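Q: One structure is given below, represented as C-alpha coordinates, and several questions about it will come after.
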Amino acid sequence: MRSPVWTEDELVLVGALVVKNGWRELRTGDREVQELSELLRSLPLHTPEARALPEFRSPDSVSRKTTDFATNYGPYQGARTRCGQPTLRMIEAFTQREPEMLQAARAIEEGISSGELQLLPQQPDELDDDGFTAVEGRLLVRRALARERDPKLRKLKIQRARQSGQPLRCEVCHFDFARFYGDLGDGYIEVHHVTPLYVSGMRKTGLDDLACLCANCHRMCHRTRPGETWRTPADLRDRIRDSAGAAAH
(Lines give C-alpha, C1' and ligand atoms only; values in the text may rest on other atoms or scores of the structure.)
Protein backbone atom coordinates (compact mmCIF):
# COMPACT_ATOMS: atom_id res chain seq x y z
CA MET A 1 0.00 0.00 0.00
CA ARG A 2 1.34 3.42 -0.98
CA SER A 3 0.81 6.70 0.82
CA PRO A 4 -2.31 8.46 -0.50
CA VAL A 5 -2.09 11.56 -2.65
CA TRP A 6 -1.94 14.90 -0.87
CA THR A 7 -5.30 16.49 -0.15
CA GLU A 8 -6.11 20.21 -0.34
CA ASP A 9 -6.10 20.42 3.46
CA GLU A 10 -2.57 19.03 3.67
CA LEU A 11 -1.36 21.26 0.85
CA VAL A 12 -2.84 24.32 2.56
CA LEU A 13 -0.80 23.57 5.68
CA VAL A 14 2.42 22.92 3.76
CA GLY A 15 1.89 26.03 1.64
CA ALA A 16 1.41 28.18 4.73
CA LEU A 17 4.66 26.83 6.18
CA VAL A 18 6.59 27.68 3.02
CA VAL A 19 5.06 31.16 2.75
CA LYS A 20 5.98 31.92 6.36
CA ASN A 21 9.52 30.79 5.52
CA GLY A 22 9.78 33.34 2.72
CA TRP A 23 8.88 30.83 0.00
CA ARG A 24 11.96 28.77 0.87
CA GLU A 25 12.03 25.01 1.37
CA LEU A 26 12.50 23.50 4.83
CA ARG A 27 14.66 20.54 5.80
CA THR A 28 13.67 17.27 7.42
CA GLY A 29 15.32 18.22 10.70
CA ASP A 30 13.58 21.60 11.01
CA ARG A 31 11.30 21.82 14.03
CA GLU A 32 8.44 23.21 11.91
CA VAL A 33 8.64 20.22 9.56
CA GLN A 34 8.60 17.76 12.47
CA GLU A 35 5.56 19.48 13.98
CA LEU A 36 3.70 19.62 10.69
CA SER A 37 4.39 15.94 10.08
CA GLU A 38 2.72 15.12 13.40
CA LEU A 39 -0.25 17.34 12.59
CA LEU A 40 -0.76 15.85 9.12
CA ARG A 41 -0.70 12.34 10.54
CA SER A 42 -3.56 13.32 12.85
CA LEU A 43 -5.92 14.76 10.24
CA PRO A 44 -9.16 12.73 9.86
CA LEU A 45 -8.85 12.43 6.09
CA HIS A 46 -7.27 9.05 5.36
CA THR A 47 -7.88 5.46 6.37
CA PRO A 48 -6.23 4.06 9.51
CA GLU A 49 -4.25 1.71 7.26
CA ALA A 50 -2.79 4.60 5.29
CA ARG A 51 -2.00 6.62 8.41
CA ALA A 52 -0.16 3.63 9.89
CA LEU A 53 2.35 3.51 7.04
CA PRO A 54 5.82 4.55 8.28
CA GLU A 55 6.32 6.88 5.31
CA PHE A 56 2.88 8.50 5.59
CA ARG A 57 3.46 12.27 5.86
CA SER A 58 6.87 11.63 7.41
CA PRO A 59 9.22 14.57 7.99
CA ASP A 60 11.07 13.52 4.82
CA SER A 61 7.87 13.64 2.76
CA VAL A 62 6.86 17.00 4.25
CA SER A 63 10.30 18.44 3.47
CA ARG A 64 10.05 17.19 -0.14
CA LYS A 65 6.66 18.83 -0.50
CA THR A 66 8.03 22.16 0.77
CA THR A 67 10.66 21.85 -1.98
CA ASP A 68 7.89 21.43 -4.55
CA PHE A 69 6.27 24.63 -3.31
CA ALA A 70 9.49 26.62 -3.17
CA THR A 71 10.91 25.58 -6.54
CA ASN A 72 7.63 25.94 -8.45
CA TYR A 73 6.87 29.38 -7.06
CA GLY A 74 6.89 31.93 -9.89
CA PRO A 75 9.99 34.04 -9.03
CA TYR A 76 12.18 31.00 -8.29
CA GLN A 77 15.18 30.99 -10.67
CA GLY A 78 16.57 27.46 -10.26
CA ALA A 79 15.50 24.03 -11.47
CA ARG A 80 11.92 23.18 -10.61
CA THR A 81 10.89 19.85 -9.13
CA ARG A 82 8.13 17.84 -10.77
CA CYS A 83 4.87 17.95 -8.88
CA GLY A 84 1.20 17.38 -9.59
CA GLN A 85 -1.49 19.81 -10.61
CA PRO A 86 -2.99 20.00 -7.08
CA THR A 87 0.31 21.39 -5.76
CA LEU A 88 0.58 23.85 -8.65
CA ARG A 89 -2.99 25.02 -8.06
CA MET A 90 -2.25 25.53 -4.37
CA ILE A 91 0.86 27.57 -5.20
CA GLU A 92 -1.35 29.73 -7.43
CA ALA A 93 -3.91 30.11 -4.64
CA PHE A 94 -1.26 31.28 -2.17
CA THR A 95 0.22 33.60 -4.80
CA GLN A 96 -3.12 35.22 -5.53
CA ARG A 97 -4.82 35.02 -2.12
CA GLU A 98 -2.06 34.77 0.45
CA PRO A 99 -3.91 36.35 3.44
CA GLU A 100 -7.00 34.18 2.92
CA MET A 101 -5.01 30.98 2.45
CA LEU A 102 -2.94 31.67 5.58
CA GLN A 103 -6.20 32.23 7.45
CA ALA A 104 -7.51 28.91 6.10
CA ALA A 105 -4.39 27.16 7.44
CA ARG A 106 -4.95 28.73 10.86
CA ALA A 107 -8.60 27.62 10.81
CA ILE A 108 -7.57 24.02 10.10
CA GLU A 109 -4.92 24.09 12.82
CA GLU A 110 -7.35 25.58 15.37
CA GLY A 111 -10.05 23.07 14.46
CA ILE A 112 -7.69 20.16 14.93
CA SER A 113 -6.16 21.44 18.17
CA SER A 114 -9.65 22.01 19.65
CA GLY A 115 -10.79 18.54 18.59
CA GLU A 116 -13.75 19.96 16.67
CA LEU A 117 -12.74 18.75 13.22
CA GLN A 118 -11.95 15.22 14.40
CA LEU A 119 -15.48 14.90 15.81
CA LEU A 120 -17.36 16.02 12.71
CA PRO A 121 -18.78 13.15 10.66
CA GLN A 122 -18.21 13.16 6.93
CA GLN A 123 -20.83 15.21 5.12
CA PRO A 124 -22.59 14.41 1.85
CA ASP A 125 -21.22 16.57 -0.96
CA GLU A 126 -18.00 17.58 0.82
CA LEU A 127 -16.41 16.22 -2.36
CA ASP A 128 -18.06 16.81 -5.73
CA ASP A 129 -18.75 14.13 -8.32
CA ASP A 130 -15.20 14.41 -9.67
CA GLY A 131 -13.56 14.16 -6.24
CA PHE A 132 -12.75 17.86 -5.88
CA THR A 133 -13.39 20.08 -2.89
CA ALA A 134 -12.90 23.79 -2.25
CA VAL A 135 -9.29 24.98 -2.38
CA GLU A 136 -9.36 25.75 1.38
CA GLY A 137 -9.72 22.06 2.11
CA ARG A 138 -12.23 19.34 2.82
CA LEU A 139 -12.29 19.79 6.59
CA LEU A 140 -13.42 23.43 6.39
CA VAL A 141 -16.07 22.42 3.87
CA ARG A 142 -17.17 19.63 6.24
CA ARG A 143 -17.57 22.12 9.08
CA ALA A 144 -19.53 24.59 6.93
CA LEU A 145 -21.84 21.85 5.64
CA ALA A 146 -22.48 20.58 9.16
CA ARG A 147 -23.38 24.09 10.30
CA GLU A 148 -25.77 24.85 7.44
CA ARG A 149 -27.49 21.48 7.99
CA ASP A 150 -28.08 22.18 11.68
CA PRO A 151 -31.89 21.86 11.90
CA LYS A 152 -32.16 24.44 14.70
CA LEU A 153 -30.23 27.06 12.76
CA ARG A 154 -32.21 26.34 9.61
CA LYS A 155 -35.51 26.72 11.45
CA LEU A 156 -34.45 30.02 13.02
CA LYS A 157 -33.20 31.35 9.66
CA ILE A 158 -36.51 30.53 7.98
CA GLN A 159 -38.46 32.09 10.86
CA ARG A 160 -36.52 35.32 10.52
CA ALA A 161 -37.01 35.38 6.74
CA ARG A 162 -40.77 34.91 7.09
CA GLN A 163 -41.00 37.59 9.77
CA SER A 164 -39.60 40.12 7.30
CA GLY A 165 -42.97 40.22 5.56
CA GLN A 166 -41.44 39.13 2.25
CA PRO A 167 -42.14 35.79 0.53
CA LEU A 168 -39.80 32.97 1.52
CA ARG A 169 -37.79 32.73 -1.68
CA CYS A 170 -34.30 32.16 -3.00
CA GLU A 171 -31.99 35.10 -2.36
CA VAL A 172 -30.30 34.58 -5.72
CA CYS A 173 -32.97 33.74 -8.34
CA HIS A 174 -36.08 34.59 -6.25
CA PHE A 175 -37.64 31.16 -6.78
CA ASP A 176 -40.67 30.82 -4.46
CA PHE A 177 -41.46 27.20 -3.54
CA ALA A 178 -44.93 27.99 -2.20
CA ARG A 179 -45.91 29.95 -5.30
CA PHE A 180 -44.75 27.14 -7.61
CA TYR A 181 -45.79 24.06 -5.62
CA GLY A 182 -48.62 25.41 -3.52
CA ASP A 183 -48.98 24.21 0.06
CA LEU A 184 -46.43 21.43 -0.62
CA GLY A 185 -43.70 24.06 -0.99
CA ASP A 186 -44.91 26.36 1.76
CA GLY A 187 -42.14 27.03 4.29
CA TYR A 188 -39.48 25.17 2.29
CA ILE A 189 -36.09 26.61 1.41
CA GLU A 190 -32.49 25.46 1.72
CA VAL A 191 -29.93 27.23 3.88
CA HIS A 192 -26.41 28.03 2.69
CA HIS A 193 -23.39 28.96 4.82
CA VAL A 194 -22.18 32.21 3.23
CA THR A 195 -19.27 33.02 5.56
CA PRO A 196 -16.03 32.40 3.63
CA LEU A 197 -14.47 29.07 4.56
CA TYR A 198 -11.21 30.69 5.57
CA VAL A 199 -12.91 32.82 8.26
CA SER A 200 -15.35 30.14 9.40
CA GLY A 201 -13.47 29.41 12.58
CA MET A 202 -14.30 28.60 16.16
CA ARG A 203 -17.02 31.23 16.59
CA LYS A 204 -20.64 30.13 16.55
CA THR A 205 -22.57 30.44 13.32
CA GLY A 206 -25.12 33.26 13.41
CA LEU A 207 -28.19 33.78 11.26
CA ASP A 208 -26.37 36.46 9.27
CA ASP A 209 -23.87 33.76 8.23
CA LEU A 210 -26.66 31.95 6.38
CA ALA A 211 -28.64 32.62 3.21
CA CYS A 212 -31.90 31.12 1.95
CA LEU A 213 -31.43 29.46 -1.45
CA CYS A 214 -33.32 27.19 -3.80
CA ALA A 215 -31.79 23.78 -4.44
CA ASN A 216 -30.35 24.78 -7.83
CA CYS A 217 -28.63 27.93 -6.61
CA HIS A 218 -27.42 26.13 -3.51
CA ARG A 219 -25.82 23.45 -5.66
CA MET A 220 -24.16 26.05 -7.88
CA CYS A 221 -22.72 27.87 -4.86
CA HIS A 222 -21.21 24.61 -3.63
CA ARG A 223 -20.04 23.35 -7.00
CA THR A 224 -16.26 23.41 -7.06
CA ARG A 225 -13.68 23.35 -9.80
CA PRO A 226 -9.98 22.65 -9.19
CA GLY A 227 -8.33 25.53 -7.35
CA GLU A 228 -11.56 27.42 -6.66
CA THR A 229 -13.51 28.19 -3.52
CA TRP A 230 -17.25 28.18 -2.82
CA ARG A 231 -19.22 30.92 -4.54
CA THR A 232 -21.19 33.42 -2.50
CA PRO A 233 -24.81 34.18 -3.44
CA ALA A 234 -23.58 37.58 -4.68
CA ASP A 235 -21.05 35.84 -6.97
CA LEU A 236 -23.81 33.60 -8.34
CA ARG A 237 -26.14 36.56 -8.94
CA ASP A 238 -23.36 38.20 -10.96
CA ARG A 239 -22.88 35.02 -12.99
CA ILE A 240 -26.61 34.82 -13.75
CA ARG A 241 -26.67 38.47 -14.80
CA ASP A 242 -23.61 38.07 -17.00
CA SER A 243 -24.99 34.90 -18.57
CA ALA A 244 -28.32 36.57 -19.29
CA GLY A 245 -26.54 39.55 -20.80
CA ALA A 246 -24.43 37.32 -23.03
CA ALA A 247 -27.49 35.39 -24.18
CA ALA A 248 -29.27 38.63 -25.07
CA HIS A 249 -26.45 39.52 -27.43
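The values are calculated or read from the model by the stated rules, or taken from the named source; none is laboratory data. Quantities reported herein were computed from a predicted structural model and do not represent experimental measurements. All Cβ positions, glycine included, derive from the backbone under ideal geometry; neighbour counts span all protein chains shown. All accessible areas refer to the heavy atoms of the entire protein, side chains included, with ligands and DNA or RNA removed. Shrake-Rupley method; radii C 1.70, N 1.55, O 1.52, S 1.80 Å.
Q: If I model a spin label at Arg89 and Ala246 as a point 7 Å from the Cα along the Cα→Cβ vector, what separation in nanometres do I get?
A: A separation of 2.0 nm, rounded to one decimal place.
Q: Fully extended, how many nm does the chain gain between Gln123 and Glu55 (0.36 nm per residue separation, minus their Cα-Cα distance)?
A: This chain segment gains 21.6 nm when fully extended.
Q: Using a 1.4 Å probe on the protein chains only, how many percent of the accessible area of the range 46-101 belongs to carbon and sulfur?
A: Summing carbon and sulfur atoms, their accessible area is 52 percent of the total for the range 46-101.
Q: Sequence-distant or interchain residues sharing an amide H contact under 5 Å with Gly185, placed H: which?
A: It is none; the list stays empty.
Q: Just to verify a number: FRET efficiency for Asn21 and Glu228, C-beta to C-beta distance, R0 = 30 Å, to 0.05?
A: With a Förster radius of 30 Å, E is 0.70.
Q: For the chain, rounded, prolate or oblate, judged on the Cα gyration tensor with a ≥ b ≥ c (square roots of eigenvalues), a/c < 1.5 rounded, else prolate if a/b > b/c? If you can, show how the numbers build up before the last one.
A: Values: a/c = 2.59, a/b = 1.85, b/c = 1.40.
Prolate, because a/c is 1.5 or more and a/b exceeds b/c.
Q: Quick one: length gained pulling Val199 to Ala178 fully straight, 0.36 nm per residue minus the C-alpha distance?
A: 4.2 nm
Q: Further question on the same structure: Let me make sure I get this right: for the range 112-174, a, b and c are the square roots of the gyration tensor eigenvalues over alpha carbons, sorted descending. Under 1.5 in a/c it's rounded, otherwise prolate if a/b > b/c, else oblate. Which is it? Before the final figure, lay out each step's value.
A: Working: a/c = 3.26, a/b = 1.72, b/c = 1.89.
Judged from the Cα gyration tensor, the range 112-174 comes out oblate (a/c at least 1.5, b/c at or above a/b).
Q: Please give the per residue accessible area of the range 100-249, computed with a probe of 1.4 Å over protein heavy atoms only, in Å².
A: About 55 Å² of surface per residue is accessible.
Q: Distance between Cα centroids, the range 1-22 to the range 140-197: provide it in whole Å.
A: So the separation of the two Cα centres works out to 35 Å.
Q: Report, by chain and number, residues whose modeled amide H sits under 5 Å from the one on Val191, excluding near sequence neighbours (fewer than 5 apart, same chain).
A: Answer set, sorted by chain and number: Leu213.
Q: Still on this structure, I have one more. Full-extension gain between Asp186 and Tyr76, please, as 0.36 nm times their residue separation minus the C-alpha to C-alpha distance.
A: Length gained between Asp186 and Tyr76: 33.8 nm.
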